[in-house]
Amino acid sequence: MAESISGSEHHIANSVSGQHSGLMILGGGPAGLAVGHFARKAGLEFQLLEASSRFGGNATTFVENGFRFDSGAHRLHDRDKAMTQEVKALLGDDLLECNIPSQIYHHGNFVDFPLSPLNLVRALGVPASVRALGAFISARMSRRSASQSFEMQAIRAYGRDIANRFLLRYSAKLWGLPCSQLCPSVSGKRLQGLDLRTFLLEAFRGRSAKSAHLDGHFYYPRHGFGMITDGLAASCGRERLRANARVTGMQHDGQRILSLQINGEEAVPVEQIISTLPLPLMASLLASGLPDSIRDDVAGLKFRNVVLVALYLNRPSVTKVGSVYFSDPDFPMTRVYEPRNRSAAMAPAGQTMLAVEIPCNAADEVWRQDDAELVRLVADKLKVCGWFHEDEVLGGCVKRLPAAYPVLEEGIRGRVQRIMDALSRFENLTILGRNGEFRYTHTHDMLRAGHDVVAALVQTQKQT
């Protein structure tokens, strides 16, 4: 006997394109739109449901007062050639090639990021560098710790001195947890590059070695990163996309999901589901079909919010880099980027803006703080960098981004795996995406995942 749909009473109703039965894609962020893009290319019929009024998720571009800025310092890295070609086909000449590395602000100096040994010596000075080198050698010679936390991995990679200065304080601020509680996967590629070989290469080859080491090459759309998700949405076909369609319940028989409840009242039968919804939400929608043993695992999944402050400036330029990272706890922000460095079309002529990310939890004061106060706070803090004068501040705006990052605590992979194993009993359900799989992914990863899941679906259909 089928389980009843959770939530309020419902009635059968037609969707935008008529009563739909077939492939349903849940979530209109980059992962969901990528699935739709490749499904359309493969000739599959589908409908994509998005709870909000717009598509793109946390990969969108805002337009305010003539300034454009993204919901994060997004970049398209050319790490999957085939997926890069997909984006090039969507955007054509509007996909720009950029070569602008990032930096860390540290006590009035700007240090290369990823960390660069020769640049560190110049920024820290000889005495501090000698102490840091001693800590680095000690960490490398010491017995490997049984702990697999991000903290211990960072200390072993860089030594305690450098790790504290540039990684641990920053990461604790970003994730809102002590680094001893974070798993190593939060580091991305931050634990690479600081070694004797890189130091010698930089010492004897200078800029040529440094440019190869720093992660400064990427692609970026002329009018903002949202052009990629807009292009994917257009490729899907607007008739296949449905906004303001929140999934509020699911009916299943214990092995297959039979129908979805939309907005608490409409039921739509389905054959196949590809979900990019946040993993805790997906588990709650199917709770009646899951063992009680995973309840604690689901409850333990946390997300980090971001307050994004856009600061408008009456000057043509501020920095020459992609992003600037702030590890100092005296600064509430973790990352600042200047959109016009990626594309001149992101700001009016003669003006620029800084996009400032402040990570927080929903209970934190900054999440509820007045917009004007946040703009003033950011302006006051960043003036010490020497980037602008008080009379050059034109104002700003604030965007609040809920569930921007899954918090990757130590042991999270086992917790997520148990939830995914429990959900795998539903044979017509596939889970994708950063929040869906609860892991840190990049745009090219989500494009690849969308491509591969559609290819597998097509292959399965051919065999049946």
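Being part of a helix (DSSP H, G or I), modelled with pLDDT under 95 and either among the polar types (S, T, N, Q) or closer than 20 Å to Pro402 by Cα (or both) is not true of Ser235.
With respect to Met250, determine if the residue is outside any strand (DSSP E or B), open to solvent by less than 10 Å² (accessible area, probe 1.4 Å) and either hydrophobic (A, V, I, L, M, F, W, C) or closer than 20 Å to Asp421 by Cβ (or both). In short, no. Restricting attention to segment 253-284, which residues are outside any loop (DSSP other than H, G, I, E, B), more than 18 Å from Arg415 (Cα to Cα) and of a type in the set (A, V, I, L, M)? Hits for segment 253-284 are Ile257, Leu258, Leu260, Ile262, Ala267, Val268, Ile273, Ile274. Of all residues being closer than 10 Å to Asn314 by Cα and touching a residue at least 60 places away in the same chain (Cβ under 8 Å) in segment 349-376, which is farthest from the chain's Cα centre (by Cα)? Just the residue, please. Here the answer is Gln351.
Every residue, every condition in (1) over 20 Å from Gly411 (Cα atoms); (2) among the aliphatic types (A, V, I, L, M); (3) not in a loop (DSSP other than H, G, I, E, B), yes or no:
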{"site": "Gln153", "(1), (2), (3)": "no, no, yes"}
{"site": "Ala157", "(1), (2), (3)": "yes, yes, yes"}
{"site": "Ile162", "(1), (2), (3)": "yes, yes, yes"}
{"site": "Tyr170", "(1), (2), (3)": "yes, no, yes"}
{"site": "Leu177", "(1), (2), (3)": "no, yes, no"}
{"site": "Ser180", "(1), (2), (3)": "no, no, yes"}
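Taking first residues from segment 234-260 that are under 19 Å from Gly32 (Cα atoms) and partners that are of a type in the set (D, E, K, R) and open to solvent by less than 60 Å² (accessible area, probe 1.4 Å), the Cβ contacts under 9 Å between residues at least 6 apart in sequence or on separate chains come to Leu241/Glu50; Arg242/Glu50; Ala243/Glu50; Asn244/Glu50; Ala245/Glu50; Ala245/Glu266; Arg246/Glu50; Leu260/Glu266.
Inside segment 133-166, residues that are more than 25 Å from the chain's Cα centre (by Cα) and surrounded by fewer than 20 Cβ atoms within 10 Å (Cβ to Cβ) make up a count of 15. Would you be able to say whether some residue in segment 341-357 is closer than 28 Å to Tyr219 by Cα, basic (Lys, Arg) and modelled with pLDDT of 95 or more? So far as segment 341-357 goes, yes, one or more of its residues are closer than 28 Å to Tyr219 by Cα, basic (Lys, Arg) and modelled with pLDDT of 95 or more.
Return the residue satisfying two criteria in turn: it lies in segment 114-132 and is among the hydrophobic types (A, V, I, L, M, F, W, C) and closer than 28 Å to Gly322 by Cβ, and of such residues it is modelled with the lowest pLDDT.
Filtering first and then ranking leaves Leu115.
Within segment 85-112, the residues that satisfy the criterion of being out of contact with any Leu (no Cβ under 7 Å at 6 or more places or on another chain), at pLDDT below 95 and open to solvent by 30 Å² or more (accessible area, probe 1.4 Å) are Asn99, Gln103, His107, Gly108, Asn109, Phe110.
To keep it simple, each residue is scored yes or no on (1) open to solvent by 40 Å² or more (accessible area, probe 1.4 Å); (2) more than 25 Å from Gly386 (Cβ to Cβ); (3) in a loop (DSSP other than H, G, I, E, B).
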| site | (1), (2), (3) |
| --- | --- |
| Leu301 | no, yes, yes |
| Val309 | no, no, no |
| Thr319 | no, no, yes |
| Val324 | no, no, no |
| Met333 | no, no, yes |
| Arg340 | yes, no, no |
| Ala355 | no, no, no |
| Ala362 | yes, yes, yes |
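Does Ile419 fit the bill of being in contact with a Ser or Thr (Cβ under 9 Å, 6 or more places away or on another chain) and modelled with pLDDT of 95 or more? Answer is no for this residue. Counting only helices (runs of 4 or more DSSP H) that sit completely within segment 377-464, those holding 1 or more residues that are open to solvent by 70 Å² or more (accessible area, probe 1.4 Å) and free of Cβ contacts under 8 Å to residues at least 60 places away in the same chain correspond to 412-423, 443-463.
Please work out if Arg222 is surrounded by fewer than 20 Cβ atoms within 10 Å (Cβ to Cβ), at pLDDT below 95, under 27 Å from the mean Cα position of the chain (by Cα) and under 30 Å from Lys41 (Cβ atoms). For Arg222, the condition - surrounded by fewer than 20 Cβ atoms within 10 Å (Cβ to Cβ), at pLDDT below 95, under 27 Å from the mean Cα position of the chain (by Cα) and under 30 Å from Lys41 (Cβ atoms) - is not met.
The values are calculated or read from the model by the stated rules, or taken from the named source; none is laboratory data. Fair warning: this is a prediction, and the values are worked out from it, not measured in the lab. Neighbour counts are summed over all protein chains in view; Cβ atoms, including those assigned to glycine, are modelled from backbone coordinates with ideal geometry. The accessibility values were calculated without ligands, DNA or RNA, using every heavy atom of the protein model including side chains. Shrake-Rupley method; radii C 1.70, N 1.55, O 1.52, S 1.80 Å.
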